[in-house]
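Asks: Before anything else, here's the structure in question.
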Amino acid sequence: MIIAVDISLYPLDKNFIPPISNFISRLNENSSLTVITNSMSTQIKGEYDLVMGILNQEIKETFKNQDKAVFAIKILNNPISN
């Protein structure tokens, strides 16, 4: 099953750009995902198990490296194809 995820990272830190850039870079390392970034969020599209596994890993990595951070996530099954 293909899903689409809309995710935003809000590091609760004055220096917030590097953790966001790092998170997006790590997502882009996986060629099995479609990753589109805009000024408000990042959209990820791919096979459910793959997307959720990568998100689990990368959210955990972010939490290990940030004192405080918030992720806002929306998940859509059966996304519209472009």
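Asks: Using a simple charge model, +1 on the beta-carbon of Lys and Arg, -1 on the beta-carbon of Asp and Glu, nothing else, what dipole does the chain show about its Cα centre, in debye to the nearest 20?
Replies: Using Cβ point charges on Lys, Arg, Asp and Glu, the chain gives about 180 debye.
Asks: Now for a separate question. Between 0 and 90 degrees, rounded to the nearest ten: what's the tilt of helix 48-65 against the longest Cα principal axis of the chain?
Replies: 0 degrees
Asks: Lys45: which lysines have alpha carbons under 17 Å from its alpha carbon, excluding same-chain residues fewer than 8 sequence positions away?
Replies: Candidates past the 8-residue exclusion: Lys74.
Asks: Let me ask another. Which translational diffusion coefficient, to the nearest whole µm²/s, is obtained for the chain from the Stokes-Einstein equation, given a Kirkwood hydrodynamic radius over C-alpha pairs, 25 °C and 0.890 mPa s?
Replies: After rounding, the answer is 189 µm²/s.
Asks: Another question, then. Taking the Cα atoms only, what angle lies between the long axis of helix 17-28 and the longest principal axis of the chain, rounded to 10 degrees?
Replies: 30 degrees
Asks: What accessible area per residue comes out for the chain, rounded to a whole number of Å², with a 1.4 Å probe?
Replies: 69 Å²
Asks: May I pose another question? Among Pro79, Leu33, Pro11, flag the residue with its Cα farthest along the positive direction of the charge dipole of the chain, charges on Cβ as +1 for Lys/Arg and -1 for Asp/Glu.
Replies: Going by the Cα projections, it comes out as Pro11.
The values are calculated or read from the model by the stated rules, or taken from the named source; none is laboratory data. None of these values were measured; they are calculated from a predicted model. Neighbour counts are summed over all protein chains in view; Cβ atoms, including those assigned to glycine, are modelled from backbone coordinates with ideal geometry. Heavy atoms of the whole protein, side chains included, go into the accessibility calculation; ligands, DNA and RNA do not. Shrake-Rupley method; radii C 1.70, N 1.55, O 1.52, S 1.80 Å.
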